[in-house]
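The values are calculated or read from the model by the stated rules, or taken from the named source; none is laboratory data. Note that the structure is predicted; figures quoted are calculated from it, not measured. Neighbour counts are summed over all protein chains in view; Cβ atoms, including those assigned to glycine, are modelled from backbone coordinates with ideal geometry. Accessible surface is based on the protein model in full, side chains and every heavy atom, while ligands, DNA and RNA are left aside. Shrake-Rupley method; radii C 1.70, N 1.55, O 1.52, S 1.80 Å.
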Amino acid sequence: MKTFAVKSIHWDQFELLEEMTDLSYRNLSALDLNGIILSGREMNETNFSETSLRSANLHGAVGEKISFRKANLYAAILTGALFDRANFWRAKLNLVQAKHISLNRANLGRAELIVSDFSQAQMEKAHLFRACLRYTNLSGANLRTANLIDADLTGANLCGADLRGANLTHANLQDALLQGTLFQGAILEGTTGI
C-alpha cells in the first residue's frame, strides 16, 4: 500500500486556519492538521485530500463537494456536519463520532468506518462500494438507495436504519444488529448474515 507524506505547517498558520470562518475553495491537501478545531466552518469544495485530520473537530461544519479523498480522520468529531456530495474515497474514518451527519450522495467507496458512530446519519444515495463498516453504529441512519455493494457491515448496529431500495449485493451483514431495519425494495443478492 502506498503511503503519502503529509506536510507539517507552522503553529501560527495552524492557528490562522482555526480562526477562519470560511475555508471554501482552499487547497489544504497533504497537510498535518491533527487536532485542529474547525467546528461550524464553511468548507464548500475545500480540498483535504491525503490530509491527516486525526482527532480533528469538524462538529457542525458545512460544505458540499469537499474532498477528503484518502484523508485520515481517525477519532475525528464530525457530529452534525453537513457534507453532502463529499468525496471520502479510501478515507480512514475509524473511531469517528458522526452522529446526525449528512452525507447524502457522498462517495465513501472503499472507505474505512470501523467502530464509529454514524447513528441517525443521513446517507441517502451514498456510495459505499466496498466500504468497511465493521462494528459501526448506523442505528436510525437513512441509507435509502445507497450503494453498499461488497460492503463489510460485520457486527454493525443497523437497528431502525432505513435501507429501502439500497443495493446490498454481496454485502456482509454477519452478526449485524437488524432489529427494525427497513429492507423493502433492497437488492440482497449474495448478501450474507440476513
(message) Just the residues that are open to solvent by 70 Å² or more (accessible area, probe 1.4 Å) and part of a loop (DSSP other than H, G, I, E, B), please, taken from the stretch 97-132.
(response) Lys99, His100, Arg105, Arg110, Val115, Gln120, Lys125, Arg130
(request) Report, by residue number, each residue of the stretch 148-161 that is without any contact (Cβ under 8 Å) to a residue 24 or more places away in the chain and assigned to a strand (DSSP E or B). (result) Asp152
(request) Return a yes/no flag: does the stretch 87-96 have any residue that is part of a strand (DSSP E or B), under 28 Å from Gly180 (Cα atoms), at pLDDT 95 or above and β-branched (Val, Ile, Thr). (result) no
(request) May I ask you to list the residues in the stretch 31-46 that are under 20 Å from Leu82 (Cβ atoms) and open to solvent by less than 30 Å² (accessible area, probe 1.4 Å)? (result) Leu33, Ile36, Leu38, Met43, Thr46
(message) Among the residues that make up the stretch 12-20, is at least one of them farther than 25 Å from Leu148 by Cβ and in contact (Cβ under 8 Å) with a residue 60 or more places away in the chain?
(response) no
(request) Output yes when any residue across the stretch 162-175 is buried (at least 17 other Cβ atoms within 10 Å of the Cβ), hydrophobic (A, V, I, L, M, F, W, C) and outside any loop (DSSP other than H, G, I, E, B), and no when none is. (result) no
(message) For the stretch 57-71: of the residues being open to solvent by 40 Å² or more (accessible area, probe 1.4 Å) and under 12 Å from the mean Cα position of the chain (by Cα), which is nearest to Leu95 (Cα to Cα)?
(response) Lys70
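For every residue, the table says whether it meets (1) farther than 20 Å from Leu177 by Cβ; (2) under 10 Å from the mean Cα position of the chain (by Cα); (3) modelled with pLDDT of 95 or more.
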{"position": "Thr79", "(1), (2), (3)": "yes, no, yes"}
{"position": "His100", "(1), (2), (3)": "no, no, yes"}
{"position": "Ala121", "(1), (2), (3)": "no, yes, yes"}
{"position": "Glu124", "(1), (2), (3)": "yes, no, yes"}
(message) Taking the criterion of being modelled with pLDDT of 95 or more, within 18 Å of Asn87 (Cα to Cα), open to solvent by less than 80 Å² (accessible area, probe 1.4 Å) and charged (D, E, K, R), would at least one residue in the stretch 23-30 satisfy it?
(response) no
(request) Name, by its number, the condition in (1) open to solvent by less than 50 Å² (accessible area, probe 1.4 Å); (2) under 16 Å from the mean Cα position of the chain (by Cα); (3) farther than 21 Å from Phe129 by Cα that does not hold for Ala91. (result) (3)
(request) Identify, from the list Asn167, Asn157, the residue that is at pLDDT 95 or above, among the polar types (S, T, N, Q) and closer than 24 Å to His59 by Cβ. (result) Asn157
